[in-house]
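Down below is the structure, laid out as structure tokens.
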Amino acid sequence: MVTAVEIPTGNTPALTPARRGFWRNLWRVLRRKPTRVAGAVIVALFVVMGVVGPFLYPANLPTDPGNAYAGPSGSHLLGTDFQGTDVLALLVTGSRYVLVAAVIAAACTVVVGTGIGLYAGYRRGGPDSVLMRITDFIITIPGLPLLLVLSTLWKYSNPLTMGLVLGVTGWGSVARAVRSQTLSLRERGFIEAARGLGLSTAHVVRKELLPNVAPYVAMNLLISVTVYIYLEVGLFFLGVLPFNENNWGVMISQAVQNGVTQTGQGLAYLLSPLVAILLLTLGIVLLVDAMDEVFNPRLRED
Amino acid sequence: MRRTAVAATALALCATLAATSCSSSSSSSKGGGTFTAILTQIDSKAPINPYNQSTNSFRGYNAMMLGWSKNTATDPNKFYPAIAKSWELSPDGTKLTVHIQPNAKWSDGKPVTGDDLKLSAAVAYAEGGSAFAAIPGTAGGTVDVKVIDDKTVEFDQNATKPLNTWFANVMTMYVLPAHVWSAQVPSDIWDTIHTALTGSAADAKTAQDTITALGKKLIGWGPDKDVSAGPFTLTRVTTSEALLTKNKNFYDADKIAPSQVVIKNYQDNSTIVNLLLKGEIDGSVYVAVSQSQLDKILAVKGNQVVSGASPVQASLVFNESKKPFDNVHVRRGLAYLIDRAQVTKVGESSSGKASPYPAGLTAAQIQGWGVSTSGLNAYSVDTAKAATEFQQAGLKQAGGKWTLPDGKPFTVPIQTTSDFNDWTSGASNVAAQLQAAGVDAKVTASSDYATYLADLAAGKFTVSWWLTALGPSAYNIYQRLYGAANGWTLGTGGGVAHSAAGQSGNWMGEAESADVSGLGTVNPGELTNQLSQVPPDQQKQIVAKLAAFTNDQVPAIAMWDYVNQNFVNTNRFTGFPPNDADVLRQPQGVWMQLGYIKAKAK
């Protein structure tokens, strides 16, 4: 008996329907709850702010020391900082560093954590032991103190460095969780069938296992972004990192150090980055709810 | 965020550095009560040892010196009596005879005698005080201490290489109880000291090693129970505060109003401001606050501020071993671009005044030393002059941006520390001004002051914040710019040697000499060294010359002169010193000794 297998040619847009399906599916999931739409809008706004925002302002924001700590007004919607710089401008131009670093860190965490988790869980044996010991080592490293020490060596002058350092030190728990799921999945029938067919490890991992752990990975990607924002803003707030970039953490640090919490003067300067972080976190949490349903068919309500 | 620590540190650096006579209402020195103060960081595990950096021996309270420096801008030899009731200095300045307060007693009732001073001098040798260096031939070194009688002691300076700073260095010697400390000091210590100073080379070396080892041992030691000749003794100390009780045996006990003093831990600026906002602090050392914080603090009932001149200045200093900052035209050009008044407004609005001239001196010091300002360049903001200077240095302007001769961007990396918010705010403003003028300036903050100083000394920074004009003596003032940090070190023979940039602690990297129009070739390190050796009238001429040299060569751009701002509260105590009183540069314990601070009548 001959079985005819249709092999897609290079000209066939084989993935296009799938991609279209993802976006259509996402839109359908989002519309189901207004909160999800709100989350997506918030996240989109911050992405636009990070990408386009800095282009709206001059590279060197103007100062006006005679107008320091001014409250919100028509000319300064969110007031001014300690040297009279517009807080909205600081917030917008400062968003890029924070967001880019957090996204790079989250991507790093997910890629490294998922890759190691899948491989270790599927291969088991020696590679699993070695990789999990490395993972345990990474997990046991106290993140914040390590970053404080590293800050004496690196200046984190760009978000790429910051993101990589955060990501490289934060993938441990993702790797462990993905490995656990993989260990469970590899005993399932469809994996055994794939192995029985003699499919390569790479194929099994990429085509069979990865789609099944994708929901977890996607959730982690988004949640990690918020975690890394807290972490990097915290580091800037503590004042252990250079503040040569406009940055939300620097704004909070400067506001507190200049006594805003004690005098109340320039409160908008302090609250603006805090509210921005809160809003972004809220947006991501709301979006996670939608993404969960998109990636996990069992949760679909239709 | 210890913004306050800048000046606190500065005042500490000023060797003996540390109010509206708030009320003329009826007051009493015997009213008792607890005086709450902010003085320094508290370490509950620290020894009661004034030489230890983390100490529970608080100057002016339970730690006493021979005298309290008035920190006069032009005469560092003016002192208030402390353990020394009076003194005579020989005309050539090499013999000091100290008369101990006749009623001086330790808190355990034993009298303060000449033996206490002699033992204290021995400990000073062990700890390596500048007037007590156990090295033969040290300029300005003490060569002998003689107990004339129970209440009289004579100190002799190295007569072949006398320094005019010796007297002040001896007067700021801590006085320790011999009957408590003598068990820690070998009985033959003075033989060892004399061998170190006058013995053969081999014997002197052995003796010096012995003294150094003793110093290392003593620095960590402290008695279990405080025995003080000051107005207070330490009763207990926790991580948050130290409690001191009035010493009834203090020679001027009648002048001391509080029955107790609580010294709160100098944790950070925020904590201090919160305490001030609660009205809980009766007297604090220098606290730099923003204008809004100041307004809020002064709105609290009883809170007042007393302020006076401070011999401390915040400056941007160049590491001239790094190009293009070795070029004087670059430094001058930058000086022309920075509006120092604006930087001061942003960085130190309430307790700083824009420095009028980059000359290594505060405005008060310029006035005090009678330096003619007609020849000094104020470097008022002038972009045209800046451009001329930059062009002379070979810099080019393209598209509004300044570039180096090779076309690379001209970058000014400014280093500060997160510990001092006035510096970080000021640095941000400097960067903003330079960026607006087409100079690519970036600010980076070290995580803490200790790291900052270590990296600074290692020559890692290019342009950094630095405290200058640290008086009171003219020598100390210019030693800050033309001392070890810039390659000039004092030799034992009284001369100076210059090390190349990057060696022997030289992180400023200035050339050993420079030609200055009207002055000729000037070696500022040698001139500075002369300040410690010549009488005041000659010092005046040297100060003028160094001011002109500094103003021309701009090794540092002075941003602001600190104002010594002390907060007091008149709810419980009154009779604080008036504004501009020299005693403001000493801790409140000294104020009390001098008759200030009375309990408020109820």
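The values are calculated or read from the model by the stated rules, or taken from the named source; none is laboratory data. The shown structure was predicted, so the numbers you read here are calculated from the model rather than taken from an experiment. As a convention, Cβ positions derive from the backbone with ideal geometry for all residues, glycine included, and neighbour counts pool all protein chains shown. Heads up: the accessible areas ignore ligands, DNA and RNA and are worked out on the full protein's heavy atoms, side chains in. Shrake-Rupley method; radii C 1.70, N 1.55, O 1.52, S 1.80 Å.
Just checking, does segment B:562-575 include any residue being of a type in the set (D, E, K, R), open to solvent by 20 Å² or more (accessible area, probe 1.4 Å) and in a helix (DSSP H, G or I)? Within segment B:562-575, none of the residues are of a type in the set (D, E, K, R), open to solvent by 20 Å² or more (accessible area, probe 1.4 Å) and in a helix (DSSP H, G or I).
Can you say whether residue B:379 is touching a Leu at 6+ places or on another chain (Cβ under 7 Å), assigned to a loop (DSSP other than H, G, I, E, B) and within 24 Å of residue B:320 (Cβ to Cβ), as far as the supplied structure shows? The answer is no for residue B:379.
The residues of segment B:280-302 that are open to solvent by less than 10 Å² (accessible area, probe 1.4 Å), within 14 Å of chain A (Cβ to nearest Cβ) and closer than 24 Å to residue B:600 by Cβ, listed by number, are B:287, B:297.
When restricted to residues that are small (Gly, Ala, Ser), over 21 Å from residue B:41 (Cβ atoms) and buried (at least 23 other Cβ atoms within 10 Å of the Cβ), segment B:221-263 contains 2.
Every residue, every condition in (1) open to solvent by less than 50 Å² (accessible area, probe 1.4 Å); (2) more than 20 Å from the chain's Cα centre (by Cα), yes or no:
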site: B:479; (1), (2): no, no
site: B:483; (1), (2): yes, no
site: B:490; (1), (2): no, no
site: B:505; (1), (2): yes, no
site: B:520; (1), (2): yes, yes
site: B:528; (1), (2): yes, no
site: B:554; (1), (2): yes, yes
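Anything in segment B:406-443 that is more than 32 Å from the chain's Cα centre (by Cα), facing chain A (nearest Cβ under 9 Å) and polar (S, T, N, Q)? List them, or say none. Matches in segment B:406-443: B:435 only.
The set of residues from segment B:254-287 being aliphatic (A, V, I, L, M) and under 19 Å from residue B:584 (Cβ atoms) comprises B:256, B:257, B:261, B:263, B:272, B:276, B:281, B:285, B:287.
The set of residues from segment A:54-92 being within 17 Å of residue A:247 (Cβ to Cβ), small (Gly, Ala, Ser) and modelled with pLDDT under 90 comprises just one member, A:59.
Matching residues to (1) more than 12 Å from chain B (Cβ to nearest Cβ); (2) out of contact with any strand residue (DSSP E or B) (no Cβ under 9 Å at 6 or more places or on another chain); (3) closer than 30 Å to residue B:300 by Cα:
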{"position": "A:249", "(1), (2), (3)": "no, yes, no"}
{"position": "A:254", "(1), (2), (3)": "no, yes, yes"}
{"position": "A:266", "(1), (2), (3)": "no, no, yes"}
{"position": "A:271", "(1), (2), (3)": "yes, yes, yes"}
{"position": "A:274", "(1), (2), (3)": "yes, yes, yes"}
{"position": "A:277", "(1), (2), (3)": "yes, yes, no"}
{"position": "A:281", "(1), (2), (3)": "yes, yes, no"}
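For the structure I just gave you, tell me whether residue B:274 is out of contact with any Lys or Arg (no Cβ under 9 Å at 6 or more places or on another chain) and within 14 Å of another protein chain (Cβ to nearest Cβ). For residue B:274, the condition - out of contact with any Lys or Arg (no Cβ under 9 Å at 6 or more places or on another chain) and within 14 Å of another protein chain (Cβ to nearest Cβ) - is met. Scoring residue B:596 on the criteria (1) among the aromatic types (Phe, Trp, Tyr); (2) over 30 Å from residue B:293 (Cα atoms); (3) open to solvent by 30 Å² or more (accessible area, probe 1.4 Å) leaves a single failure, condition (2).
Scanning segment B:126-177 for residues that are under 18 Å from residue B:83 (Cβ atoms) and assigned to a loop (DSSP other than H, G, I, E, B) turns up B:129, B:131, B:132, B:150, B:151, B:172, B:173, B:175, B:176, B:177. Residues of segment A:130-145 that are in contact with a helix residue (DSSP H, G or I) (Cβ under 9 Å, 6 or more places away or on another chain) and either open to solvent by less than 60 Å² (accessible area, probe 1.4 Å) or over 15 Å from residue A:172 (Cα atoms) (or both): A:131, A:132, A:135, A:136, A:138, A:141, A:143.
Candidates A:226, A:161: the one that is within 14 Å of residue A:98 (Cα to Cα), within 14 Å of another protein chain (Cβ to nearest Cβ) and within 20 Å of the chain's Cα centre (by Cα) is A:161. Mind listing whichever residues of segment B:102-119 are assigned to a helix (DSSP H, G or I) and aliphatic (A, V, I, L, M)? Listed by number, the residues that qualify are B:117, B:119.
Residue B:472 passes every criterion in (1) away from every other protein chain (no Cβ under 11 Å); (2) surrounded by fewer than 23 Cβ atoms within 10 Å (Cβ to Cβ) apart from (2). Which one is least open to solvent (accessible area, probe 1.4 Å) among residues in segment B:449-465 that are part of a helix (DSSP H, G or I), more than 11 Å from chain A (Cβ to nearest Cβ) and touching a Phe, Trp or Tyr at 6+ places or on another chain (Cβ under 8 Å)? Checked segment B:449-465; the qualifying residue least open to solvent (accessible area, probe 1.4 Å) is B:456. Looking across segment A:74-84 at every residue that is in a loop (DSSP other than H, G, I, E, B) and within 16 Å of residue A:271 (Cβ to Cβ), the one that is nearest to the other protein chains (Cβ to nearest Cβ) is identified as A:82.
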